Amino acid sequence: MQHSSSPFADALLKRLAEIAAAVRFYSRLPVPRFGPADDPAAPPSLPQLAWAVPIAGALIALPGALVLATALAAGLAALPASALAVAVQLAVTGALHEDGLADTFDGFGGGWGRERKLEIMRDSRIGAFGAAAIVMALLLRVTMFAAIAGGLGPGAAFAAFIAGQSASRVGGVALLAMVPPARRDGAAAAVGRPRTQDLAAAFFAAVLITLVLVAPRFGVLAALAAAALIALVTVAMAFWCDHQIGGQTGDVLGADQQLSEIAFLLVLATVAG
């Protein structure tokens, strides 16, 4: 006799499948299959997964955060422990957002017209602007994690690592709604825009995760300020990319994540110092 699943179980499996799809999209982590409707080989639709993005960001951050906390607890100095954690995170994500940061800065900094900028962004080679952007982003993240660990300890560094990875990804899905695609044939044009309720759920989840992890160690004001700074970075990115190339691309979304995470950590490192 076959037993039909309950509506609650079906809804839960659907939500778990969406979180799994978001983790697969943003990382190289092995993720189990959740139900028959969960197809790991199917290309994910980022707008439909918008609500799950901050949750996926927190899960993706766990390996790097655990390495950071473990290395610090074992007695490794804050700077090499932070560098090791960021290296682990690069391996987990395949440097997805760093690649977008480099392409965005190469295009915006090296091209004169809209079409030339987009052409440069599609080029797989990294130029001077892109290389400088990656180096500075890595330096800032490593040194700010070290400052947080040195000032407030491994627990605070662990919390900052996860919260930053979670909250910083919301800006990317917000840009899908704020700015039109720069290319009609690009990936951003194909995925469409997230629904308002999914964006609202993503914002709520990101703020909740930030408050739960950050507020006990850095204070509620610092947690809210860090989240607000991400919003400001995303608004600035929306104006910048619209001015430069007339819209957003996947590379722009990656650049926004990197700049948002740096802004988030800047607030926490200031408090820790």
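Structure data summary
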| quantity | calculated |
| --- | --- |
| Neighbour-count ranking [beta-carbon atoms within 10 angstrom, fewest first] of 34, 204 | 204, 34 |
| Stokes-Einstein D (µm²/s) once Rh is taken as the Kirkwood radius of the stretch 87-152 over alpha-carbon pairs, at 20 °C in 1.002 mPa s | 166 µm²/s |
| Alpha-carbon centroid distance for the pair the stretch 96-129 / the stretch 23-95, whole angstrom | 25 Å |
| Highest-fluctuation residue, 181, 36, 47 considered, GNM on the chain with Cα pairs under 10 Å | 36 |
| Coil-residue trypsin sites (Lys or Arg not before Pro) of the stretch 9-84, DSSP, other Cβ within 10 Å capped at 14 | 28, 33 |
| Sparsely packed trypsin sites (Lys or Arg not before Pro) within the stretch 123-197, loop by DSSP, other Cβ within 10 Å at most 10 | 125, 184 |
| Inter-part distance where the stretch 202-273 and the stretch 143-184 are each reduced to a Cα centre, Å | 6 Å |
| GNM flexibility winner over the chain from 100, 172, 111 (Cα, springs under 10 Å) | 111 |
| Fewest-first sequence of 239, 108, 8, 25 by Cβ atoms within 10 Å of each Cβ | 8, 239, 25, 108 |
| The stretch 46-272: relative contact order in percent, alpha carbon pairs under 8 Å with at least 6 residues between | 32 percent |
| Helix runs (DSSP H) in the chain reaching 30 Å along axis by Cα, Kyte-Doolittle at least -1.0 | 128-152, 196-218, 220-245, 250-272 |
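All of the numbers you see were taken from the coordinates with simple rules; none came from a lab. Since this is a predicted model, take the numbers as computed values, not measurements. Every residue, glycine as well, gets a Cβ built from its backbone with ideal geometry; the counts of neighbours run over all protein chains shown.
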